[in-house]
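Rule-based calculations on the coordinates, nothing more; no lab input. For clarity, every value in this text was computed on a predicted model and none was experimentally measured. Note that each Cβ is placed from the backbone with ideal geometry, even for glycine, and that neighbours are counted across all protein chains shown.
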Amino acid sequence: MTASSEEFRDALRHFPSGVTIVTIQSPGSDRPHGLTVSAFASISPEPPLIMVAIDHRHSAYPLLEHEGATFAVNILAFDQMELSNRFAWLKDEDRFAEGDWHTAVTGAPVLRDALAWLDCTIHARYLAGTHTVYIGEVQAIRTPRPDAAPLVYWNRGYRRLQ
């Protein structure tokens with residue numbers, strides 16, 4: 001017997017996670033794209049690899065499928081909650097109109113005042129149910145605000161570490 005998707009989501013809402021904005025530069029688009037993502041993890045220090053999981057229903061998915069697409073993971077601080085909401089919910093406006101953005105080595109946008117950012121080329125793609133897991137090989141890293149409190153998501157809401 002397989003667990004239902006409702007049971008699955010209810011159980012996982014109890015697992016706290018950091019909040020990131022994944023930004024994408026794709027040959028399939030004339031402008032960058034970005035979305036709020038909590039499905040992010042480190043994979044390997046040698047070579048430096050990370051992973052993000054993207055839902056096939058999201059507009060980011062076809063952009064990442066283009067050969068030569070790149071992405072950056074911007075790890076958010078607690079005071080960047082509104083930026084997280086902007087990239088999660090805003091549909092028709094330019095999400096990049098807020099925040100201090102510049103491009104990194106791969107051309108993907110990075111947030112100058114993120115806790116940290118990782119600029120990646122796509123190392124591998126793995127189909128996983130409703131999502132694709134993208135393994136990114138980290139090409140550049142910065143930690144602009146190493147002492148700031150992280151933005152954490154738990155039980156359907158943002159939280160602050162004490």
Kindly list the number of the only condition in (1) among the charged types (D, E, K, R); (2) closer than 16 Å to Gly136 by Cα; (3) out of contact with any strand residue (DSSP E or B) (no Cβ under 9 Å at 6 or more places or on another chain) that fails for Glu65. (3)
Per the list (1) aliphatic (A, V, I, L, M); (2) surrounded by fewer than 20 Cβ atoms within 10 Å (Cβ to Cβ); (3) in a loop (DSSP other than H, G, I, E, B), residue check on Ile135 breaks on (3)
Being closer than 28 Å to Arg13 by Cα and basic (Lys, Arg) is true for just one of Arg112, Arg145. Which residue is that? Arg145
Out of all the residues in segment 122-131, is one or more in contact (Cβ under 8 Å) with a residue 60 or more places away in the chain and buried (at least 21 other Cβ atoms within 10 Å of the Cβ)? no
Residue within segment 137-147 that is touching a helix residue (DSSP H, G or I) at 6+ places or on another chain (Cβ under 9 Å) and farther than 20 Å from Gly18 by Cβ present: no
Strands (runs of 3 or more DSSP E) completely within segment 1-105 that count 1 or more residues being loosely packed, with under 15 Cβ neighbours inside 10 Å and without any contact (Cβ under 8 Å) to a residue 24 or more places away in the chain: 40-45, 101-103
How many residues, within segment 107-132, are in contact with a Pro (Cβ under 8 Å, 6 or more places away or on another chain) and outside any strand (DSSP E or B)? 5
Can you find, within segment 138-158, the residue that is surrounded by the fewest Cβ atoms within 10 Å (Cβ to Cβ) among those that are under 14 Å from the mean Cα position of the chain (by Cα) and not β-branched (Val, Ile, Thr)? Tyr153
What number of residues within segment 111-137 satisfy the criterion of being over 15 Å from the mean Cα position of the chain (by Cα) and among the hydrophobic types (A, V, I, L, M, F, W, C)? 3
